[in-house]
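This report concerns only the one structure given below.
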Amino acid sequence: FPSHDIGLVPAGAFSLAISGNSILCPNSSQTYTATEISEGTYFWTIPSTTSIISGQGTRTITLASTASFTSGQIKVVCTTNSASQQATYNVSGATLPSIITGPSTICGLTTATYSVQQESGVTYQWNVPNGMTIVSGQNSSTIVVSIENQSITGSISVRSLSACGISNRRTLDIGTIQ
């Protein structure tokens, strides 16, 4: 017979997922919800710099972060009489950008491309040393720079900007000989 329970998965074979905001700022709280499973019991595991305000043992938790929270993974295990499944969900605040990729030795180059891994809901603030100019990509995960001076030394830096604020700098030292 047809079921009218939207989102309710039968207990025998089920798939489990977590929904909620992937951005969890330091000193804030968010609600996370797992797929509703008939006759399921839920157990949540959370990052060490967070705490569950309410909902452990249910399909919905409210999670609070501390001032030192940067990123982590939420995990839920749902168990029924016939099966057990788990799901994970990554959350982050103003996280440090990934390692900068691009040439660290610029000898002979007139342009270069530098990038970090794009994160959802994040823009990027780049800084380059004197003798380089950002041609395109400021506020994105990839920049193209022109190199006007072959004797440049220093570092390229990038910070991530999100609803949580601005991260610390990630740097890449550059020069003509490395």
Study note, to complete from the structure: Expressed in square angstrom to the nearest 10, the accessible area of Y89 with a 1.4 Å probe stands at 50
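What do you reckon, how do I152, I46 stack up by accessible area (1.4 Å probe), largest on top?
Numbers: I152 5, I46 45 Å².
Solvent-accessible surface, decreasing: I46, I152.
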Exercise for review: Have a look at S65, S140, S162 and tell me which one the Gaussian network model of the chain (Cα, springs below 10 Å) gives the largest fluctuation.
Suggested key: S140
Check your understanding: In nm, to one decimal, how far is the modelled label at N127 from the one at K75, with both set 7 Å along Cα→Cβ?
Key -> 3.9
**Study point:** Size of electric dipole in the chain: Cβ of Lys, Arg +1 and of Asp, Glu -1, about Cα centre, debye, nearest 20
**Key:** 260
Review point. For segment 106-178, what value does the Rg/Rh ratio take when both radii are computed over Cα atoms and Rh is the Kirkwood radius, given to two decimals?
Key: 1.00
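Taking 0.36 nm per residue of sequence separation and subtracting the Cα-Cα distance, how much length would be gained by fully extending the chain between C107 and T66, in nm to one decimal?
Details: separation 41, 0.36 × 41 = 14.76 nm, distance 4.51 nm.
Answer, rounded to one decimal: 10.2 nm.
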Review point. Among S38, S71, Q150, which residue has its Cα positioned farthest towards the positive end of the charge dipole of the chain, with +1 placed on the Cβ of Lys and Arg, -1 on the Cβ of Asp and Glu, and the dipole taken about the Cα centre?
Key: Q150
Study note, to complete from the structure: For W44, the accessible surface traced by a 1.4 Å probe with all protein chains present amounts, in square angstrom to the nearest 10, to 10
Practice item. Run the quick spin-label model on Y89 and F43: label points 7 Å from Cα toward the beta carbon, then report their separation in nm to one decimal. Key: 2.0
Practice item. Compute the length gained on full extension between V135 and S98: take 0.36 nm times their separation in residues and subtract their Cα-Cα distance, giving the result in nm to one decimal. Key: 11.2 nm
Check your understanding: Once Rg and Dmax of the Cα atoms in Å is worked out from the coordinates, which option in (i) 17.8, 56; (ii) 25.9, 89; (iii) 22.4, 76 does it equal?
Key -> (iii)
Point to revise | Label-point separation, I53 to T33 (7 Å along Cα→Cβ), nm | key: 1.7
**Study point:** Gap separating the Cα centres of segment 56-120 and segment 124-178, nearest whole Å
**Key:** 22
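The values are calculated or read from the model by the stated rules, or taken from the named source; none is laboratory data. Quick caveat, the model's predicted, so the values are computed rather than measured. Here the Cβ is made from the backbone with ideal geometry for all residues, glycine too, and neighbour counts use every protein chain on show. To get the accessible areas, we keep the full protein, side chains included, count just its heavy atoms, and leave off ligands, DNA and RNA. Shrake-Rupley method; radii C 1.70, N 1.55, O 1.52, S 1.80 Å.
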